[in-house]
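The values are calculated or read from the model by the stated rules, or taken from the named source; none is laboratory data. As the structure is a prediction and not an experimental result, all values here were calculated from the model. Note: ideal-geometry Cβ built from the backbone for every residue, glycine included; neighbour counts use all protein chains shown.
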Amino acid sequence: MSKLIWIVSWLFIKTAFANLCQDLCSCVDVTAYCKNLKLKIQFDDEFWNNTEKLKMVELDGNEFSHIRPFPRLSVEYLSLKNNSITDIEDGSFKLLSNLTVLDLSENFIHSEELRPSIFRGLYSPQAYEPLIKLKTLKLSSNKLHTLHPDVFEHLPKLESLSVDNNPFKFIDKSTVIALASIQNLKVLDLSYTGLKVLPEFMLHTPRLLTILNLSGNQFTSIPEEIANSHNLNTLYIDDNPIKEIDSFPSLPDLEILHLNWMPKLERIGPNAFSNLTGLIELSLRFNLNLTEISSTAFSRVPADGSEGRIWPPLKRLYLSHNQLRYLESNLVGRWDLLDSLDLQENPWVCDCKNQWMVSNLLHQIRKMPTHSSKEIICHEPIEMKGISMEDLEVRQYHMRCLDFYGNRPERDGALLIGVIIGLFLAIPFSMAAIILYKRRNFQPRNLSRAFYSRADSKQFFVNT
């Protein structure tokens with residue numbers, strides 16, 4: 001009996017003085033790493049003793065399904081990513097007064113369970129106080145198909161929201177109201193949510209929105225709704241089934257545009273980006289069917305009717321891993337003002353139309369801090385396949401023009417030499433054959449007469 005009492009007392013003392021960092025997690029500086037421990041329930045409050053200095057807690061990769069309120073902590077970053085969470089109690093984060101980032105990604109949270117009361121703060125006689133410092137909320141890869149219209153009412157400082165990889169398929173009215181209620185929203189990730197269209201005026205209310213991610217959806221054209229945004233600076237539309245881009249909505253503040261991994265994209269038409277007057281970075285990579293970019297894709301005619309064209313202030317242009325064969329010299333107004341240019345992994349045609357790349361552009365590329373001029377490789381004509389344009393520049397090589405019928409000028413020299421050699425060989429052989437033929441078939445006239453005797457006419461008639 002006394003031994004049992006001793007064991008119980010020992011367990012009580014151990015629990016009372018248990019410490020998160022000493023007994024369960026790996027703590028480095030101000031971060032507690034509690035990943036992949038197969039935990040099914042949260043720590044008791046006692047485990048959080050002596051953790052006042054912790055600023056970041058990562059509970060990723062465990063087996064939590066139910067989240068109950070956390071004790072009072074000074075934590076600023078809390079990650080519950082990649083668990084099995086289906087239910088979160090009301091006010092679970094109300095005592096985390098310094099919480100700035102909350103990551104609930106890769107769980108099983110359904111729309112019905114994502115209630116506004118989950119995020120409510122401390123109670124005061126007048127109302128619930130908000131989570132005043134929470135700025136980033138990550139709800140990626142859950143089971144959300146809609147958002148409660150008041151779900152963010154307790155998050156007045158929210159700036160970044162990620163709801164990517166959720167099965168929305170379309171943005172309903174309730175979700176539009178929820179997004180419109182985030183007055184300080186700056187970053188919105190709607191990638192891989194099955195969207196085909198954006199509702200009208202959806203982006204009108206979040207006036208501070210600067211970064212929008214629409215990648216991995218089902219848009220067949222650039223959504224016109226993005227024109228209603230006010231301060232959009234960065235736009236990602238990667239991996240959408242858009243076949244051609246002929247025009248972009250007017251976005252004067254847009255500086256960064258990504259159009260990568262577009263499986264059906266074939267063509268960038270004239271004036272396609274002319275309304276993006278502030279564009280600094282364009283990434284057009286891994287578009288395996290993109291064969292054409294119009295020479296006037298970026299430029300526009302001045303509004304005052306003056307002569308010439310105007311280009312945006314491009315600094316970074318990424319065109320690698322496409323199917324581009326030609327690059328127009330007037331695609332960019334000032335190639336020498338670019339800080340970065342990537343043209344590798346395209347089937348470039350090395351003929352006179354691309355001579356300017358060898359003579360002028362490569363020199364500009366080598367001035368850039370990071371460049372891949374050696375990776376700009378000839379693909380056609382066949383005689384030049386695999387040759388670097390940089391090698392052609394060193395040799396001061398001037399590429400010839402392919403004719404209308406597709407004949408290959410690089411082969412002309414070899415063909416001409418072959419013809420000449422053939423003629424030199426054919427003439428003596430032909431003459432020898434003729435002489436041999438004549439010798440075998442020619443019979444002198446005198447020799448033939450020696451074997452000929454005229455028949456007697458009388459003998460002829462007698463015989464007949």
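Test of understanding: among GLU375, GLU390, which residue is acidic (Asp, Glu), closer than 23 Å to ARG285 by Cβ, surrounded by 14 or more Cβ atoms within 10 Å (Cβ to Cβ) and in contact with a Lys or Arg (Cβ under 6 Å, 6 or more places away or on another chain)? Outline the logic, then answer.
On the way: GLU375 fails: in contact with a Lys or Arg (Cβ under 6 Å, 6 or more places away or on another chain).
Only one candidate qualifies: GLU390.
Condition first: buried (at least 20 other Cβ atoms within 10 Å of the Cβ) and out of contact with any Pro (no Cβ under 9 Å at 6 or more places or on another chain). Now tell me which residues in the range 179-191 satisfy that. Explain how you work it out, then say what you get.
Our first condition is that a residue be buried (at least 20 other Cβ atoms within 10 Å of the Cβ); within the range 179-191, this holds for 179, 182, 185, 188-191.
Listed by number, the residues that qualify are ASP189, LEU190, SER191.
Just to be sure I understand, how many residues within the range 275-289 are farther than 23 Å from ILE211 by Cβ and either surrounded by 20 or more Cβ atoms within 10 Å (Cβ to Cβ) or under 13 Å from the mean Cα position of the chain (by Cα) (or both)?
Step one: of the range 275-289, the residues farther than 23 Å from ILE211 by Cβ are 288-289.
Of the ones still in play, those that are also either surrounded by 20 or more Cβ atoms within 10 Å (Cβ to Cβ) or under 13 Å from the mean Cα position of the chain (by Cα) (or both) are 288.
Selection size over the range 275-289: 1.
Quickly run through the range 20-36 and pick out the residues that are assigned to a loop (DSSP other than H, G, I, E, B) and exposed (fewer than 13 other Cβ atoms within 10 Å of the Cβ). Listed by number, the residues that qualify are ASP29, ASN36.
Considering (1) part of a loop (DSSP other than H, G, I, E, B); (2) surrounded by 18 or more Cβ atoms within 10 Å (Cβ to Cβ), say which one ILE41 fails and leave the rest. Single failed check for ILE41: (2). From the list SER294, SER247, SER229, SER283, exactly one residue is in contact with a Leu (Cβ under 9 Å, 6 or more places away or on another chain) and either more than 30 Å from TRP348 (Cβ to Cβ) or modelled with pLDDT under 95 (or both). Which is it? After applying the criteria, what remains is SER229.
Among the residues of the range 228-248, the one identified as of a type in the set (Phe, Trp, Tyr) and part of a loop (DSSP other than H, G, I, E, B) is PHE248.
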